[in-house]
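The values are calculated or read from the model by the stated rules, or taken from the named source; none is laboratory data. Owing to the predicted nature of the structure, the values given are computational and were not obtained by experimental measurement. Here the Cβ is made from the backbone with ideal geometry for all residues, glycine too, and neighbour counts use every protein chain on show.
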Amino acid sequence: MVITRKVLRNVSLTAHPLGCRRHVEDQIAWVKNPKGSLYSPAPNRMPARVLVIGGSTGYGLSSRIVAAFGGGADTINVSFEREPGEKKTATPGWYNTKVFEEHARKSNLRAFSVFGDAFSDEVKEETADLIEKEFGQVDLIVYSLASPVRIDPRTGATYRSVLKPIGKPYSALSVNLDDPTITKETIEPATVEQTEETVKVMGGEDWKLWIDLLDRRNLLAEGAVTVAFSYIGPEVTYPVYREGTIGKAKEDLEKTAGVLSKTLKAYVSVNKALVTRASAVIPVVPLYMALLYAVMSEQGIHEQCTEQIWRLFTDRLYAGIPVPTDKEGRIRLDDWEMDPLIQAAVQGRWDMQREGKPLKGGNLALVRQEYDRIHGFGYEEIDYEADVDPRVV
């Protein structure tokens, strides 16, 4: 079948297997030979056995790639994927995982995946059994789930997350990935129940369930580390992000890190604003990223997920020194983004925007390119008019 790019309200409905292969292979190639003076070499001490919960796309996939091809780690991924059919594409994560594991085998690295609902007890136990059989224990657990729905394994209740402000409507400028015209978005506030459900889905409860299970089954190696991902961002995004429903969930995630620190070394890493399957659907964020990408590219410090995770491993978690954190105990990988000079430049360009007018001073093309490529599109050398079998990576 001919697989074309289909995007509805910043949500991609298709994925291209050949492009997903290229996306993964480009990351592997970079990790094998990190480019630029900004990045430290791989440290001598890296985790040997790594579990990535949500390791098929975004920061989770990059964590798996850096651990394996930067540190020689054996890895397990847990993710919920849709397999391909004769006339239906798989999720990007399914293609990514198949390509990653193909290259891992070629490098004599062990790599396994558990496809299923990571929130469920069944998948947790299946993963624990796999760790016990293949690894014995794990040295690093990366928690990188971004799901809109969670079924509570204890009660059977279904919770749904929402991306909304709290208390009052929020209006701000935004932009669509496929149209540089500035629009104004208004988002109605969440109910108390929606806020609580978002915390249930995206907070720290499930992260703790994972660590508790691994600890109970003696699957945590001595000195084991766990890390989850968060975002803070600038004040312009606070109402819909840090002070909104997702912000409440991230606050819960950060509190959970403190609780988990009684069992192992637990951190929340606050990362840069980047294009992921989750972030692209947050109103206002695409406009902010278009301006941020332009400013940081001009300064030579724009990063994608892989470069961010490389710094997490080499300059933070495994640098051989106490892990540098802020006063709340968080790792700050957003340090380049939140530099006052960078933020002043972004704010200056934000003030130039007018509803109904074309975007000024931003790089929407780069934002769209990154979004397309995480779904396997946007590579000039790939013939997207060619007939391909979606079942073959």
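For every residue, the table says whether it meets (1) out of contact with any Ser or Thr (no Cβ under 7 Å at 6 or more places or on another chain); (2) under 23 Å from residue 55 (Cβ atoms).
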residue	(1), (2)
234	yes, no
241	yes, no
250	no, yes
262	yes, no
274	yes, yes
279	yes, yes
294	yes, no
299	yes, no
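Take residue 149 and tell me if it is in contact with a strand residue (DSSP E or B) (Cβ under 6 Å, 6 or more places away or on another chain), surrounded by fewer than 19 Cβ atoms within 10 Å (Cβ to Cβ) and hydrophobic (A, V, I, L, M, F, W, C). Yes: the conditions hold for residue 149.
Pairs are defined by a Cβ separation below 6 Å, a sequence spacing of at least 6 or placement on different chains, a first member in segment 90-104 that is farther than 9 Å from residue 393 by Cβ, and a second member that is charged (D, E, K, R); the pairs so defined are 91/81; 91/82; 93/81.
Contact map, segment 183-204: residues that are farther than 28 Å from residue 356 by Cβ paired with residues that are assigned to a helix (DSSP H, G or I) and among the aliphatic types (A, V, I, L, M), Cβ distance under 6 Å, separation 6+ or inter-chain. Pairs shown: 198/249; 199/249; 202/249; 203/249; 203/253; 204/253.
Could you grab me the full set of residues in segment 370-393 that are in contact with a His (Cβ under 9 Å, 6 or more places away or on another chain), surrounded by fewer than 20 Cβ atoms within 10 Å (Cβ to Cβ) and aliphatic (A, V, I, L, M)? Correct list: 382, 388.
From the list 281, 367, which one is under 14 Å from residue 175 (Cα atoms), buried (at least 21 other Cβ atoms within 10 Å of the Cβ), touching a residue at least 60 places away in the same chain (Cβ under 8 Å) and β-branched (Val, Ile, Thr)? None of the other options fit; the residue is 367. Within segment 241-270, residues that are within 20 Å of residue 162 (Cβ to Cβ) reach partners that are in a helix (DSSP H, G or I) and small (Gly, Ala, Ser) with beta carbons closer than 7 Å, at six or more positions or on different chains, in the pairs 241/247.
Restricting attention to segment 6-41, which residues are in contact with a Ser or Thr (Cβ under 8 Å, 6 or more places away or on another chain) and either buried (at least 24 other Cβ atoms within 10 Å of the Cβ) or at pLDDT 90 or above (or both)?
Taking segment 6-41 and keeping what is in contact with a Ser or Thr (Cβ under 8 Å, 6 or more places away or on another chain), we get 6, 14-17, 27, 30-31, 39-41.
Matches in segment 6-41: 14, 15, 16, 17, 27, 30, 31, 39, 40, 41.
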